[in-house]
């Protein structure tokens, strides 16, 4: 299907403006109109995409300048846009916020790259006439950005809405696409890394339905659909020509991955890359399954919030023991962040009255994971591989047909979000990564190597600078063949 519509970029003036909730509502409402909706999130992020995927019924893909080239972002958006009716990209923080002074990795840069009209979600609490210079300033700051409309959020009532509409109409040419009033039904529980993940919220689907109904009644969905079809995105049209068709690969590796309310941080693109490399993905529940499935060739434990499910994880002793025994027996395994914590001897948390709770975990890694009140590692992490990396990039790149095409200096960009750190390390550890930026395990190293296990705080994304999924599957192949 040819690309005939723009992706729409949902942004804000600053973080915590309610754009994620509005985006969830828009995705649900557009889906309920019978449209095929494709969500994206400017990343790195796992939590918001879980909600977006649940609301749209379509996996939400991450767009991240730190791990993806411009061409790679264009190709991903082009490929997904060619199979949907409408697409929404949610930004992070404010429209012009980003790490670099020139804005090269800002939300606005993504919007310009993919020719996306911007819809601003503005938190209007305490605002009246001041909304006009805010909008005028956002328009003037970068004339290359098409601010196609605004959704007023957190309105105090109909009188407040009328005042703001009058001010915007008098002083600006910005269309008001919606006016969302304060409503407790729009609230989603927040945690230190953002919203509570939808895979932990047993009432998530009902919450999404309620939010969708409210947004549908207070936002002009027809106008939003019209904006998405005003002109075809030239950058995406030219990019789609370079997308190669991928041939189906017969699965040869049985890869179990833990996906439940304790561990749910997986990029859809990474899971697809594992399947493309020949993996048959077998979903496992660490809270209810009694043991790992039989005849698996490898194990992947993603991130999540195991500290929120400590008692349930501990109670499932037979599963913990099956994981420990499998890894001790040489099962190839990869664990990120929450998965790393689960493989430690225990997880230690702080209780209400200053006491500490220490709960036994799988006991593969000779250390305890201790939760703190402040981040122990958060944001961009860059590292290079040591000689102990079990599935090294250098070896992968020497195989004909393999390459990490955007990795020119030997370092890898990833991200980390953790409030825990390792203490009471009782044995020397071997590390796969040398940290150049970020925290990792101890500020200098990350990627604990034990037998055929790699466990790290870094969250990898399978992109052209680091095709980790294929390398991991090739490592499992090698390990499997060497034991036959």
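The values are calculated or read from the model by the stated rules, or taken from the named source; none is laboratory data. Remember, it's a predicted structure, so these values are computed and weren't measured experimentally. Glycine gets a Cβ as well: all are built from the backbone with ideal geometry, and neighbour counts include every protein chain shown.
Annotations for the structure displayed:
- Among the residues listed as 115, 97, the single one being on the phi > 0 side of the Ramachandran plot, in contact with a helix residue (DSSP H, G or I) (Cβ under 7 Å, 6 or more places away or on another chain), in the same structural domain as residue 162 (by TED's automatic domain parsing) and surrounded by fewer than 24 Cβ atoms within 10 Å (Cβ to Cβ): 115
- Within segment 250-267, residues that are on the phi > 0 side of the Ramachandran plot and in the same structural domain as residue 49 (by TED's automatic domain parsing) have Cβ atoms under 6 Å from residues that are buried (at least 24 other Cβ atoms within 10 Å of the Cβ) and part of a strand (DSSP E or B) in no pair, counting only partners at least 6 apart in sequence or on another chain.
- Hey, residue 48 within 22 Å of residue 413 (Cα to Cα) and either crowded, with 24+ Cβ neighbours inside 10 Å or modelled with pLDDT under 95 (or both) or not: yes
For (1) more than 24 Å from the chain's Cα centre (by Cα); (2) assigned by TED's automatic domain parsing to the domain that holds residue 71; (3) at pLDDT 95 or above; (4) not in a strand (DSSP E or B), each residue gets a yes or a no:
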{"position": "435", "(1), (2), (3), (4)": "no, no, yes, no"}
{"position": "439", "(1), (2), (3), (4)": "no, no, yes, yes"}
{"position": "470", "(1), (2), (3), (4)": "no, no, yes, yes"}
{"position": "475", "(1), (2), (3), (4)": "yes, no, yes, yes"}
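- Check on residue 194, crowded, with 18+ Cβ neighbours inside 10 Å, modelled with pLDDT under 85 and closer than 30 Å to residue 377 by Cα: yes
- Among all residues of segment 405-414, there is at least one that is surrounded by 15 or more Cβ atoms within 10 Å (Cβ to Cβ) and out of contact with any strand residue (DSSP E or B) (no Cβ under 6 Å at 6 or more places or on another chain).
- Checklist (1) surrounded by 15 or more Cβ atoms within 10 Å (Cβ to Cβ); (2) touching a helix residue (DSSP H, G or I) at 6+ places or on another chain (Cβ under 9 Å); (3) at pLDDT below 95; (4) in the same structural domain as residue 77 (by TED's automatic domain parsing) applied to residue 238, failing item: (1)
- Summed over segment 347-381, the residues that are surrounded by fewer than 18 Cβ atoms within 10 Å (Cβ to Cβ), part of a strand (DSSP E or B) and out of contact with any helix residue (DSSP H, G or I) (no Cβ under 8 Å at 6 or more places or on another chain) give a count of 7.
- Selection of first residues in segment 156-170 that are under 17 Å from residue 135 (Cβ atoms) and of second residues that are loosely packed, with under 14 Cβ neighbours inside 10 Å, restricted to Cβ pairs under 6 Å at least 6 apart or on distinct chains, gives the following pairs, ordered by first then second residue: 163/128; 167/129.
- Subset of segment 81-94 that is surrounded by 19 or more Cβ atoms within 10 Å (Cβ to Cβ) and under 18 Å from the mean Cα position of the chain (by Cα) - its residue that is modelled with the lowest pLDDT: 92
- Among the residues making up segment 255-281, those that are part of a loop (DSSP other than H, G, I, E, B) and farther than 29 Å from residue 481 by Cβ are 260, 261, 262.
- Tally, over segment 282-313, of residues that are in a strand (DSSP E or B) and out of contact with any strand residue (DSSP E or B) (no Cβ under 6 Å at 6 or more places or on another chain): 1
- Of the residues 85, 123, the single one that is in contact (Cβ under 8 Å) with a residue 24 or more places away in the chain and under 30 Å from residue 308 (Cβ atoms) is 123.
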